[in-house]
Amino acid sequence: MSAEAWEPKIVAFCCNWCSYGGADSAGMGRFQQPPSTRIIRVMCSGRIDPLHVFNAFLEGADAVLVTGCHIGDCHYVNGNDKTKIKYKFLESVVRELGIEKERLQLNWISASEGEKFASFIRDVTEQIKKLGPSPLKPEGVS
Amino acid sequence: MKGSVAVVGGGIAGIQAALDLADSGFKTYLIESRPSIGGVMSQLDKTFPTNDCAMCILSPKLVEIGRHPNIELLSYSDVKSISGEAGDFKVKVVKKARYVDEAKCTGCGSCTEKCPSKVLDEYNAGMSKRKSIYIPFAQAIPRVATIDAAHCLYLTKGKCGVCKKVCGPKAVDYEMKDKEIELDVGSVILATGFKPFDPSLLKQYRFDHPDVITSLQFERLLSASGPTQGHVTRQSDGKVPKRIAFIQCVGSRNPRIDRKHCSSVCCMYATKESIIAKEHDPELDITIFHIDIRAFGKNFEEFYNRAQEEYGIRYINSRPPETIVDARNNLSLRYEDFDSGELKTEAFDMVILSIGLDPSDSTRDLAQSSGIALDDFGNIATGIEKPVETSISGVYVCGAAQGPKDIPDTVAQASAAAAKAAALLSKERGTMIKEREFPDEKPLLPEPRIGVFVCHCGINIGSVVNVPDVVEYAKTLPDVAYAREMLYACSSDSQVTIKDAIEKNNLNRVVVASCTPRTHEPLFQNTCREAGLNPYLFELANIREHCSWVHMKEKEKATEKAKGIVQMAVAKSALFQPLYKQKVPLINKALVLGGGVAGMTAALDIADNGYEVTLIEKEKELGGMLKHTTELYDGKKPSDVLDVLTCRVYENNRIRVLNEARLTKVEGYLGNFKGIILSKGEEVPVDFGAAVVATGARNFEPVGLFNYGKDAHVITQAQLERMLGEGISANNTTMIQCVGARNKDREYCGRTCCIDAVKNAVRIKRANSKSSVYVLYRDMRTYGVMERLYEDARELGVIFIKYTRDPEVQYGSVVVHDSMLNEDIEIASDLVVLSTPLVAGENEVINQLFKIPLDKNGFFLEAHPKLRPVDFATDGVFLCGSAQAPKLMSEAISQASAAASRACTILSREFIETEGAVSVVDEARCIGCGTCVAVCPYNAPSLQEVTVTSEEVSYIAKKSRINPAACKGCGSCAAACPVGAITAQHFSSKEIGEAIDAFNKDIGLIEPKTGTVEAVV
Ligand code: FES
């Protein structure tokens, strides 16, 4: 498969109230994106367990996106503050594992920011295409 | 007497009033003249002072209205007249022909796409085009198309007819006629909102120039859903502007065009829009021309300061400048700089007119047709102590229809109006509402049998994704027992098809692959429930917003992705277990803390709604701050208001008053609190289902400032108030505003001090016209209709001098620097009056007892500054009056009724229903570390001592238990638990893991199953 045609596989964790809504708004606004991403909806970004992120990598994700409401906008008071803390930890582990930092990204996207969501997916896909498949990808997974 | 209410107007005011009423047992009609509810708020990009996305906070309310069993939404309908009397009104409504059958339309948008006729889009304030058949905006409720009869080619010329041809569900009906209906209701709430001022009335602003636009148009330019996707460009040449000016008070504070009011919101929205614009483009140069900056609300001053300091927005004090267009069509503004007294001209690329709020046409029409009194400003008239009651008993008002106000004040007033209507009809509560009835749930078979329904959504999905292919693929997935395609999965006939399929194929999990769960999950969950399936056995796979709409040019890849999304949903759903909302009984009694006007009003409204109240007051007597007020803004005597209230409280046999009392202990949660009150040395236990905090605030003592405490001639505004009440006259008085406010120590604005000062200045002048009264101010913040008081004062000869440097108080005089004249002025003063703000009372105790947060100034922090102004994040506890932030008496009363209304939505229930998808603890694995207790913002987990027996040894260990009544299901605890003892049901690690796992097996790698799948398409 040529590098051009290779489509990375990206897992995006989205919270129900904001970033998932942002992905919806991207749809409503018809903001085109590469078909690289699979969204996993959770009620709040605070639900995202570092284990889920590692799990996604081990199952072959080329990148994992952690997204939620803007700080202060969390539907559950401060779930995203906790996400921020967990993300710091995740980052350090990922660095330790020698995975490129582009493969794990955090972004706050509100439900109205469709274009932001789409361009985020476009950017990350671009970056990952340059990096190629994740070193953690199990064999047999494309 | 009828147990129903008509709410006129579907903006945020009407929405809030309708939801409160429907939630507390009344059948509610919500009547909106536009095709969708949402009002002006739906057009806003963000809201001040938090810059929250407006649509994100509004849209859930829209959906709630759309699916509330007790709300009947009459959109695109006008109210013609209201007749009858309190308890029995007749409301005449005209349902305008929308030429689309609401029951049939699925909102797919195929008609809009094909419609050839384009007209100016009012949602984008005329800056873009929409089609003649249209859905006004993406989140519109009801989500059905409307034909604009004035522009439709078929309706005007008999040509075209395309929409009818392309409409799959055959909803278009060109023969439709207006229909008049009559509603029988017990009460009416007017929420008819405002109309943005039309600036073409004022020629000096050159609104005819394409680059002179209104603030509402600018709001749309800033919005991602606006005409330019949030890129600010000039209408004239599409270029990005570099210098933008805002002109404030366009259509406000202008007696010449009969707009004597201040519109209350423009200073803040201009500040907000400036900040957003700067965030989009930091290079932008923004200037706001203003008379005063009225940043009087909670956190407004801070917002205003940030705009200057962090964003470099320039504020220039002047009268509204004149717009000049030169020969080359360039714009400049001519203005007199009040700070220097100079006349200046400056060029700008774009000019934004901060337009004011005019009374709406429907307010005027309804007042005329139904005999409802208006005030001098054209708003619906109310009394200062009865801020939501109109001239007709049983008809209430809220929001901008009663006078200009911002969103939180509107929302509070809406709840207040609901409380009054509910109190009036309290005997009829629950008589006209319906509960949805469902068949018993079928027992769940151990083997998952999943049904997959893949939707074409007209052409929305089907034209990109190969739907039959996805169906075939779904059939090969593990546990899938049935799969089929559907044209519109959400149409009413599809619901019948889904139910049949569940029945015939014994399905016990359902996956619909269509659109977003954020709007459609409840619909399908309901369908499942009607077929005897637990609603939590349902999953939506979003292959529209997240697939067909965003991969329109890559059909094959989109189809592959759709398969992947379906696969993830199927894998996850196989693990779903039925979940139940628990019903817990509740105590239908309330506790009100604080016996001031707010507390008494809240207690009375709750009692009038039929519930028992315990009202506690720390002092000997009820009355709070109002006891020390000697005249109200409208000239009324405070004692008249106070005596009536106090009498009513003491005479009401549902209210128990405890004086010299304070709350010392609270435990429990929403619906079931237990507390201890210490009153006159005695401990009184109290049980309650909801509490209202109305503990007020206190006056700031300006010790050490401006010789206060040293010079007996220097007093506070509160002291002057008492003096004037005692009939002591004052001569040669100088008032200094903002003492102890708007500074480093206390950043906020006191909100009421300007109005208090003006009121007392007028009193002095009226008592003795020869006395001289000076008011030294920084910005005069006589917002809303209080502007009139300011005007009265100036007419009576009160002299207002703006200061930027602190004045100096000397013995017998005050020296102030007048920047306009650039010289120091010495004012002979017998009396110097310091206007000081209200400061927070001792709120820490209650803050600890209920675990409700305080803001940085020590006032209580509401759940959401815009849409939940009287709620706390903790359910069952509400807030009103100056305990939240300083406010006027009428505002405190509105808020108190609002808090009562919110409390009644709980007290009126027979039981409390908990969130279904809550987290649960596996006690065997729990190590009692308390992490969950620390992360939960709702106090749902707690550590309990449990006796554990292991290998015949018993010991006591701490184990976490999550109270399902308090858990909101965010899952933070599950993510934080170090030993994985907590399961966030419906979003468990197993379920998420299955989805991730399925993602790996995505397309091609999975081995097709053979033989066993019985699938029918
Ligand atoms: S709900 Fe979006 S981050 Fe918490």
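The values are calculated or read from the model by the stated rules, or taken from the named source; none is laboratory data. Just so it is clear, the model here is predicted, and its values are computed rather than measured. Here the Cβ is made from the backbone with ideal geometry for all residues, glycine too, and neighbour counts use every protein chain on show.
Values as computed for the structure displayed
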quantity: The stretch B:307-357, subset of a type in the set (D, E) and in a loop (DSSP other than H, G, I, E, B), residue farthest from B:L201 (Cα to Cα); calculated: B:E310
quantity: Options B:I316, B:I291: the member that is closer than 25 Å to B:Y790 by Cβ, at pLDDT 95 or above, surrounded by 17 or more Cβ atoms within 10 Å (Cβ to Cβ) and in contact with a Cys (Cβ under 7 Å, 6 or more places away or on another chain); calculated: B:I291
quantity: Contacts under 8 angstrom Cβ, first residue in the stretch B:616-627 being closer than 19 Å to B:F688 by Cβ and assigned by the TED database to the domain that holds B:M889, partner aromatic (F, W, Y) and surrounded by fewer than 23 Cβ atoms within 10 Å (Cβ to Cβ), 6 or more apart; calculated: none
quantity: Search result, residues across the stretch B:263-287 that are assigned to a helix (DSSP H, G or I) and of a type outside the set (A, V, I, L, M); calculated: B:C266, B:C267, B:Y269, B:T271, B:K272, B:E273, B:S274, B:K278, B:E279, B:H280
quantity: Single unsatisfied condition, A:C15 versus (1) without any contact (Cβ under 8 Å) to a residue 24 or more places away in the chain; (2) within 10 Å of the ligand (Cβ to nearest atom); (3) within 20 Å of B:F999 (Cβ to Cβ); calculated: (1)
quantity: Selection within the stretch B:108-133 - more than 26 Å from the chain's Cα centre (by Cα) and within 14 Å of chain A (Cβ to nearest Cβ); calculated: B:C108, B:G109, B:T112, B:E113, B:S128
quantity: Any chance B:I912 is closer than 30 Å to B:D20 by Cα and not in a strand (DSSP E or B); calculated: no
quantity: Top-ranked residue of the stretch B:531-554 - restricted to ones that are of a type in the set (D, E, K, R) and buried (at least 21 other Cβ atoms within 10 Å of the Cβ), ranked as nearest to B:K61 (Cα to Cα); calculated: B:E545
quantity: Qualifying positions in the stretch B:547-593 - within 34 Å of the chain's Cα centre (by Cα), assigned to a loop (DSSP other than H, G, I, E, B) and more than 14 Å from chain A (Cβ to nearest Cβ); calculated: B:P578, B:Y580, B:K581, B:Q582, B:L586, B:I587, B:N588
quantity: Complete set of residues in the stretch B:362-387 that are over 20 Å from B:C262 (Cα atoms) and crowded, with 24+ Cβ neighbours inside 10 Å; calculated: B:L366
quantity: Residue within the stretch B:110-126 that is part of a strand (DSSP E or B) and assigned by the TED database to the domain that holds B:M432 present; calculated: no
quantity: Residue that is surrounded by the most Cβ atoms within 10 Å (Cβ to Cβ) [pool: residues in the stretch B:498-530 that are more than 36 Å from the chain's Cα centre (by Cα) and without any contact (Cβ under 8 Å) to a residue 40 or more places away in the chain]; calculated: B:K499
quantity: The stretch A:49-89, residues that are facing chain B (nearest Cβ under 10 Å), assigned to a loop (DSSP other than H, G, I, E, B), touching a strand residue (DSSP E or B) at 6+ places or on another chain (Cβ under 7 Å) and more than 13 Å from the ligand (Cβ to nearest atom); calculated: A:A61
quantity: Tally of residues being in contact (Cβ under 8 Å) with a residue 12 or more places away in the chain and in a loop (DSSP other than H, G, I, E, B) across the stretch B:411-456; calculated: 20
quantity: Unmet criterion (only one of (1) at pLDDT 95 or above; (2) surrounded by fewer than 16 Cβ atoms within 10 Å (Cβ to Cβ)) for B:F706; calculated: (2)
quantity: A:A23 being in a helix (DSSP H, G or I), touching a strand residue (DSSP E or B) at 6+ places or on another chain (Cβ under 8 Å), free of Cβ contacts under 8 Å to residues at least 60 places away in the same chain and small (G, A, S); calculated: no
quantity: Qualifying residues in the stretch B:4-54 (those that are part of a strand (DSSP E or B) and modelled with pLDDT under 95) - the one surrounded by the most Cβ atoms within 10 Å (Cβ to Cβ); calculated: B:C53
quantity: So A:A118, is it within 13 Å of another protein chain (Cβ to nearest Cβ), part of a helix (DSSP H, G or I) and either in contact with a helix residue (DSSP H, G or I) (Cβ under 6 Å, 6 or more places away or on another chain) or without any contact (Cβ under 8 Å) to a residue 12 or more places away in the chain (or both); calculated: yes
quantity: Answer from B:A125, B:A97 - the residue that is touching a helix residue (DSSP H, G or I) at 6+ places or on another chain (Cβ under 7 Å) and of a type in the set (G, A, S); calculated: B:A125
quantity: The listed residue being buried (at least 22 other Cβ atoms within 10 Å of the Cβ), near the ligand (Cβ under 10 Å from one of its atoms) and at pLDDT 95 or above, out of A:G46, A:G21; calculated: A:G46
quantity: Candidates B:C926, B:C932 - the one that is modelled with pLDDT of 95 or more, away from chain A (no Cβ under 14 Å) and more than 16 Å from the ligand (Cβ to nearest atom); calculated: B:C926
quantity: The stretch A:82-115: number of residues that are in contact (Cβ under 8 Å) with a residue 40 or more places away in the chain and under 12 Å from the mean Cα position of the chain (by Cα); calculated: 7
quantity: Residues that are at negative phi and either of a type in the set (D, E, K, R) or surrounded by fewer than 18 Cβ atoms within 10 Å (Cβ to Cβ) (or both), drawn from the stretch B:631-645; calculated: B:E631, B:D634, B:K636, B:K637, B:S639, B:D640, B:D643, B:V644
quantity: Residue count for the stretch A:30-43, restricted to those that are away from the ligand (no atom under 14 Å from the Cβ) and within 7 Å of chain B (Cβ to nearest Cβ); calculated: 6
